[in-house]
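Since every read-out is calculated from the coordinates, none of them should be taken as a lab result. Keep in mind that what you see is a predicted model, and the values were worked out from it rather than measured. Cβ: placed from backbone, ideal geometry, glycine included. Neighbour counts: every protein chain shown.
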Amino acid sequence: MKLLSVSVSLPREIRHAGKIVTTGIFKQPVRGPVHLGRCHLDGDGQADLVNHGGVDKAAYVYSAEDYAWWRRELEREDLPHGALGENLCISGASDDSVRVGDVFRMGEALVRVTQPRVPCFKLGIAMADAAFVKRFAGSRRTGFYVAVLEEGRVEAGDSVARVARDPEGLTVRELFGLLVFREGGEDRVRQALCSESLSAAWRSELGALLP
């Protein structure tokens, strides 16, 4: 596995549907090492701190293979890393192979997977297509958020190694289907809730599915 790009952006105001919207969705790849701290990468920021950022979602990771899939699906070669709003694009780590609780060494940093990404309307703004949000969710190629266990510098070209995993945990794709599309019963929900790595937000939402 390899870290192919590191992308950041600070929130900015744009006009959308007749309103002013503040968003940090427009990520741009950066050169050189970037410090990955407990809550964010240096130079990166989130406009909506309720649904983005914080210790459970310090960085958003997307698969290079899924980028290639989207380029074919959309017939768009002009889909550079960062276009989907991710901070870190890595090769060799798809949503159906990564589990919540997996721990990765990326450059100097050590991170742990906490939850899938749920796309919001701002992804539609970035893609200039409001319908893309539903299409993105339906693809089950959502990417995932990580918490930072050890801070450190990360840089495009760094190797990525999985150093720990929970073999009983749900994959990112399975977990997304469970909460968003209700693909699974109560036993599956309880299995997901057994993961100590699961983000607080997803723990609350999944817990609400139980009687």
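Once the C-beta distance of Arg182 and Val21 is scaled by a Förster radius of 35 Å, the resulting FRET efficiency is 0.70 to the nearest 0.05. When Met127, Met1, Met106 are arranged by Cβ crowding within 10 Å, least crowded first, meaning fewest neighbours, the order is Met1, Met127, Met106. One chain, two ends: Ala164 and Asp48. Fully extended at 0.36 nm per residue, the span grows by 38.7 nm beyond their Cα-Cα distance. Counting 0.36 nm for each residue step from Ala130 to Glu150 and taking away their Cα separation leaves a gain of 3.5 nm. Most simply put, the chain has about 90% antiparallel DSSP beta bridges, counting only bridges with both residues inside it.
Listed values for the range 141-157 are Karplus-derived 3J(HN,Hα) couplings in whole Hz (6.51 cos²θ - 1.76 cosθ + 1.60, θ = phi - 60°), namely 10, 9, x, 8, 9, 10, 9, 9, 8, 9, 5, x, 7, 10, 8, 3, x, and x replaces Gly and Pro. Of the residues Glu186, Glu155, the one with the fewest other Cβ atoms within 10 Å heads the list, and the complete ranking is Glu186, Glu155.
Computed from phi, the 3J(HN,Hα) profile of the range 41-52 under the Karplus parametrisation 6.51, -1.76, 1.60 (θ = phi - 60°) reads 7, 4, x, 10, x, 10, 7, 9, 7, 6, 9, 9 Hz, with x in place of Gly and Pro. From least to most packed, judged by other beta carbons within 10 angstrom and beginning with the fewest, Thr114, Thr22 follow the order Thr22, Thr114.
Taking the Cβ-Cβ separation of Leu10 and Arg31 as r and a Förster radius of 22 Å, what is the calculated FRET efficiency to the nearest 0.05?
0.80
Exposed loop sites are taken as trypsin sites (Lys or Arg not before Pro) in a DSSP loop (any state but H, G, I, E or B) with at most 12 other beta carbon atoms within 10 Å; the longest stretch of the chain without one runs 77-181. Here the simple spin-label model places points 7 Å from the Cα toward Cβ, and for Ser204 and Glu108 these points are separated by 3.4 nm.
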